[in-house]
Amino acid sequence: MSKITSIADLKKFQDEFKAKQAATAKDKIVVNVSLATCSIASGGKTVMEAMKDEAAKQGINNVEFMQSGCMTYCHSEPTVEVTLPGKDAVCFGKLDEAGARLLVQKYLKSGEEVGVVIPVNYTRVVL
Amino acid sequence: MDSKKQLRIATRNCGFIDPENIEDYFGVRGYEALANAVTASTPAAIIDEMKKSGIRGRGGGGFPTGTKWSFAAANQADQKYVVCNADEGDPGAFMDRAVLEGDPHSVVEAMAICGYAIGASIGVVYIRAEYPLAIKRLKKAIEDAHTYGVLGNNIFGTSFSFDIELKYGAGAFVCGEETALIRSMEGSRGEPYTKPPFPANSGYWQKPTIVNNVETFANIPALLVKGADWFSSIGTEKSRGTKVFALAGKIKNVGLIEVPMGITLGEVIFDIGGGCPGGKKFKAVQTGGPSGGALTFNDVDVPIDYDNLLAKNSMMGSGGMIVMDEDDCMVAIAKFFLDFTMDETCGKCTPCRIGSKRLYEILERITLGQGVEADIEKLKMLAAAIKDTALCGLGQTMPNPVLSTIRTFEDEFMAHVTDKKCPAGVCTELLEIVIIPEKCVGCTLCARICPVNCISGKVKEKHVIDQAVCIKCGACIPKCKFDAIVKQ
């Protein structure tokens, strides 16, 4: 990739990212797994692997997995945020391997919420 | 319950972007503030903007960040340094780790902006070696920033160059104090020195140095993109913006929160934190870690900002909030924090080295039931003397847990020294475990579990605990099916 040498270059990256995001939002399911030290310690990686495995088993091919940092919900780790195409993100907590598989079978497959749903309790500054 | 009491600025990207992917950060307008700064603004204009925003240091002291930067900028030197203090050491605090693991680029970007503003080309992150994942992600962020040219030589095609290196701390609490931190970075013992000279004039290798905390830096890209007017519209008159807290202890919703300054303690504990688990009564919250003090159930209407906390013998600190409920003994809590500072004092100055030990001894005496009434006055006097005479921030703030607990819970201290009772039932030496005769049916379960065989009584007769032998282990209490055994 090329180096960024001007604001125009940076804007190009921003636009590309937005375009990519818009394309993803249209027909992809985004599974965002919180993987900070504490989330990993409470089993975040196990949850991610279980969801990947279960998605493959269920034949759901349009899932994009991503890792992120702290989702701030220590009380309900491990946490996973799922965004179905055209819907708002929903955050699920207190998952384990079985819960992760159930989440794929229910929410990813048919949009049925299962387990612990964490309500959004903040306003986020978006630049 | 208003579910949107939180406002996330410093943690705006945590949990939303992949911290190991710089393009994710570009996508949320990352490095735009840096680009604008170096291509279209001047160092003086940036410092003005910082001053106008009213942002103060988030590491504890609360010094106005823009003013600090202007001191370093005014100095002429062949080299200046930007230091990020990531030596997070308060018990129960993990804000900085969360930011570094969730959004490392915001810190990298802000350090470069600071470098441009004060005329520094080198940044150093002093980070705890106990944070391996934060270190890994930060390293990756710095590498990627180099690859894309937003760090290194001639950033955005200008003559400004900036690079960042990492220094690892060995986990000494005192090294979070900026002068001790600088000493440690130079390879010396992590001991503080008297200010002045302030690091902004003469710091790392005697060069002008800005030391800012992780959270302070994380605010800056957002502040500059959205502008000082926007930032200063949040919070209170003297404390602008938001503060990240780590809610821990006896609280339902343990977690990281970011709230606008001026939010009341009650809103944090009850609306966001959900109160104490098990329906227990909220008693107090320790803010500012071992350097802070307790805010209590009397203070639920206090708006949280730098000055209000100081007025309550506490301090903002870096943002640890340890919540205590009715089952916690305030003398024991004060003793716990003194134990921590007694271990962590570097030993350089006498008030801190010996003062912490003496405070601890008095507190221990009280919890063992050997305290006398005069001890409480002694605690107050000694605490005041240490506050006035200790060399650095660690020593000067170390008596806070004692002073602030006495302020509201003097009766609890008195109960320990005069009645030899611990009202919360924590200090074992002051407890008696007794069997209520009216409730005892003589089932013998308690006598059989007792490890020291101090419960006597025959089947279907009232049982009695021999207080001289009882070790107060409490094993009998849950065994009794008739709730006949109580601590008092």
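The values are calculated or read from the model by the stated rules, or taken from the named source; none is laboratory data. Model, not experiment: these values are computed from the prediction. Glycine also receives a Cβ, built like all others from the backbone with ideal geometry; neighbour counts cover every protein chain displayed.
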B:A129 vs. criteria aliphatic (A, V, I, L, M), out of contact with any Ser or Thr (no Cβ under 7 Å at 6 or more places or on another chain) and surrounded by fewer than 17 Cβ atoms within 10 Å (Cβ to Cβ): yes
In segment A:7-26, how many are loosely packed, with under 14 Cβ neighbours inside 10 Å and over 28 Å from the mean Cα position of the chain (by Cα)? 1
For B:N298, the lone unmet condition from (1) under 28 Å from B:P64 (Cα atoms); (2) away from every other protein chain (no Cβ under 12 Å) is (1)
If I ask for residues that are in contact with a helix residue (DSSP H, G or I) (Cβ under 9 Å, 6 or more places away or on another chain) and over 18 Å from A:V63 (Cβ atoms), which ones from segment A:16-29 would you list? A:E16, A:F17, A:K18
Condition (residue is closer than 20 Å to B:C427 by Cβ, among the charged types (D, E, K, R) and part of a loop (DSSP other than H, G, I, E, B)) applied to segment B:451-460: is it met by at least one residue? no
Those residues of segment B:78-130 which are modelled with pLDDT of 95 or more and aromatic (F, W, Y), in sequence order: B:Y81, B:Y116, B:Y126
Tell me, please, whether a residue that is farther than 21 Å from B:L309 by Cα, assigned to a helix (DSSP H, G or I) and among the hydroxyl-bearing types (S, T, Y) can be found in segment B:390-413. no
Scan segment B:190-228 for residues that are within 14 Å of chain A (Cβ to nearest Cβ), in contact with a helix residue (DSSP H, G or I) (Cβ under 8 Å, 6 or more places away or on another chain) and among the charged types (D, E, K, R) and jot them down. B:E215
Leading residue by the ranking (nearest to A:L127 (Cα to Cα)) among those in segment B:28-52 that are in contact (Cβ under 8 Å) with a residue 24 or more places away in the chain and in a loop (DSSP other than H, G, I, E, B): B:R29
Within segment A:84-105, how many residues are under 12 Å from A:M51 (Cβ atoms) and touching an Asp or Glu at 6+ places or on another chain (Cβ under 9 Å)? 9
For segment B:429-450, which residues satisfy the criterion of being β-branched (V, I, T) and either buried (at least 18 other Cβ atoms within 10 Å of the Cβ) or assigned to a loop (DSSP other than H, G, I, E, B) (or both)? B:I433, B:I435, B:I436, B:V441, B:T444
Please enumerate the residues belonging to segment A:56-95 that are among the small types (G, A, S) and either more than 7 Å from every other protein chain (Cβ to nearest Cβ) or surrounded by fewer than 20 Cβ atoms within 10 Å (Cβ to Cβ) (or both). A:A56, A:G59, A:S76, A:G86, A:A89, A:G93
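Report whether or not B:A45 is within 14 Å of chain A (Cβ to nearest Cβ), among the hydrophobic types (A, V, I, L, M, F, W, C) and over 19 Å from B:I142 (Cα atoms).
no
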Does segment B:404-418 include one or more residues that are among the β-branched types (V, I, T), more than 40 Å from the chain's Cα centre (by Cα) and crowded, with 20+ Cβ neighbours inside 10 Å? no
Segment A:49-80, subset touching a residue at least 40 places away in the same chain (Cβ under 8 Å) and among the aliphatic types (A, V, I, L, M), residue farthest from B:E258 (Cα to Cα): A:I60
Name every residue in segment B:66-90 that is assigned to a loop (DSSP other than H, G, I, E, B) and among the basic types (K, R), in order of residue number. B:K80
Please state which one of B:A134, B:A93, B:A141 is more than 21 Å from B:A35 (Cα to Cα), part of a helix (DSSP H, G or I) and either within 14 Å of chain A (Cβ to nearest Cβ) or touching a residue at least 60 places away in the same chain (Cβ under 8 Å) (or both). B:A134
Tell me which residues, restricted to segment B:229-259, are of a type in the set (D, E, K, R), in contact (Cβ under 8 Å) with a residue 24 or more places away in the chain and more than 12 Å from chain A (Cβ to nearest Cβ). B:D229, B:K238, B:R240, B:K243, B:K250
Of the residues B:G157, B:G171, B:G203, B:G187, which single one is more than 22 Å from B:I135 (Cβ to Cβ) and either surrounded by fewer than 19 Cβ atoms within 10 Å (Cβ to Cβ) or basic (K, R) (or both)? B:G157
For segment B:143-171, which residues satisfy the criterion of being in contact with a helix residue (DSSP H, G or I) (Cβ under 7 Å, 6 or more places away or on another chain) and within 21 Å of B:W205 (Cβ to Cβ)? B:S161, B:F162, B:I164, B:L166, B:K167, B:G169
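Here is a yes/no grid of residues against (1) closer than 22 Å to B:A218 by Cβ; (2) surrounded by 24 or more Cβ atoms within 10 Å (Cβ to Cβ); (3) at pLDDT 95 or above:
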{"position": "B:T242", "(1), (2), (3)": "yes, yes, yes"}
{"position": "B:V259", "(1), (2), (3)": "yes, no, yes"}
{"position": "B:C276", "(1), (2), (3)": "no, no, yes"}
{"position": "B:F282", "(1), (2), (3)": "no, no, yes"}
{"position": "B:Q286", "(1), (2), (3)": "no, yes, no"}
{"position": "B:G289", "(1), (2), (3)": "yes, yes, no"}
{"position": "B:G292", "(1), (2), (3)": "yes, yes, no"}
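Scan segment A:25-39 for residues that are touching a Ser or Thr at 6+ places or on another chain (Cβ under 9 Å), assigned to a helix (DSSP H, G or I) and within 10 Å of another protein chain (Cβ to nearest Cβ) and report the count.
Final tally of qualifying residues: 1.
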Residue by residue through segment B:12-27, note down the ones that are at the interface with another protein chain (Cβ under 7 Å from one of its Cβ atoms), assigned to a loop (DSSP other than H, G, I, E, B) and buried (at least 20 other Cβ atoms within 10 Å of the Cβ). B:R12, B:C14, B:G15, B:F16, B:I17, B:P19
So is B:T65 away from chain A (no Cβ under 14 Å) and polar (S, T, N, Q) or not? yes
